[in-house]
1. Pairs needed: first member in segment 29-40, assigned by TED's automatic domain parsing to the domain that holds residue 18; second member anywhere, buried (at least 20 other Cβ atoms within 10 Å of the Cβ) and part of a loop (DSSP other than H, G, I, E, B); C-beta distance under 9 Å; at least 6 residues apart or different chains.
2. Limited to segment 67-86, what total is found for residues that are surrounded by fewer than 12 Cβ atoms within 10 Å (Cβ to Cβ) and at pLDDT 90 or above?
3. Among the numbered criteria (1) under 17 Å from the mean Cα position of the chain (by Cα); (2) part of a loop (DSSP other than H, G, I, E, B); (3) more than 13 Å from residue 2 (Cα to Cα), which single criterion is violated by residue 61?
4. Has segment 36-46 got any residue that is modelled with pLDDT of 90 or more, under 23 Å from residue 105 (Cα atoms) and not in a helix (DSSP H, G or I)?
5. Name the residues in segment 91-130 that are farther than 21 Å from residue 80 by Cα, assigned to a loop (DSSP other than H, G, I, E, B) and either touching a helix residue (DSSP H, G or I) at 6+ places or on another chain (Cβ under 7 Å) or at pLDDT 90 or above (or both), would you?
6. When segment 1-35 is examined, which residues are found to be part of a loop (DSSP other than H, G, I, E, B) and crowded, with 20+ Cβ neighbours inside 10 Å?
7. If we scan segment 66-84, do we find a residue that is assigned by TED's automatic domain parsing to the domain that holds residue 12, in a helix (DSSP H, G or I) and under 14 Å from residue 32 (Cβ atoms)?
8. Can you tell me which residue within segment 45-66, out of those that are out of contact with any strand residue (DSSP E or B) (no Cβ under 6 Å at 6 or more places or on another chain) and under 14 Å from residue 11 (Cβ atoms), is surrounded by the fewest Cβ atoms within 10 Å (Cβ to Cβ)?
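The values are calculated or read from the model by the stated rules, or taken from the named source; none is laboratory data. Just so we're clear, the structure is a prediction, and the values are computed from it rather than from any experiment. No Cβ is skipped: glycine too gets one built from the backbone with ideal geometry, and neighbour counts run over all protein chains shown.
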């Protein structure tokens, strides 16, 4: 599942050139159905892409209820924040690369509801990249002073 901007980036690379389409990631992306949450996109140019329209939350709940698959969001920070706000996230896999950029867009907003996360798994590679898998666990409980 993609937000509009991320869809345009992915479709413009993984979905177009033969070199990118032959790459293992390109093969996987091109063989997988793609769903786009966008208010402006009406005719997707990437084969296998469907624009979700109308009640987005209902459309996503319907997709989640289908047997035999999972929905993944790669990038699309605005969409991820919207999914979290609408209680539509079952699990998050976060990759942390050991580089401090000092700039960029926040993944999680500075305001809004707090969400407790349960750690479901973690690992690190030889370069120090860590992969954490979290499941939303409702509102956090804070100690009172």
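1. 29/15; 30/15; 34/1; 34/15; 35/1; 36/1; 37/1; 37/76
2. So the answer is 1.
3. The one condition residue 61 does not meet is (2).
4. Scanning segment 36-46 turns up at least one residue that is modelled with pLDDT of 90 or more, under 23 Å from residue 105 (Cα atoms) and not in a helix (DSSP H, G or I).
5. Across segment 91-130, the qualifying residues are 98, 99, 125, 126, 127, 128, 129.
6. If we filter segment 1-35 for residues that are part of a loop (DSSP other than H, G, I, E, B), which is where we start, we get 1, 14-17, 23, 32-33.
Within segment 1-35, 1, 15 meet the criteria.
7. Keep residues of segment 66-84 that are assigned by TED's automatic domain parsing to the domain that holds residue 12, which gives 66-84.
Subset that is in a helix (DSSP H, G or I): 77-84.
Keeping just the survivors that are under 14 Å from residue 32 (Cβ atoms) gives none.
Checked against the condition, which is being assigned by TED's automatic domain parsing to the domain that holds residue 12, in a helix (DSSP H, G or I) and under 14 Å from residue 32 (Cβ atoms), segment 66-84 yields no hits at all.
8. In this case the residue turns out to be 47.
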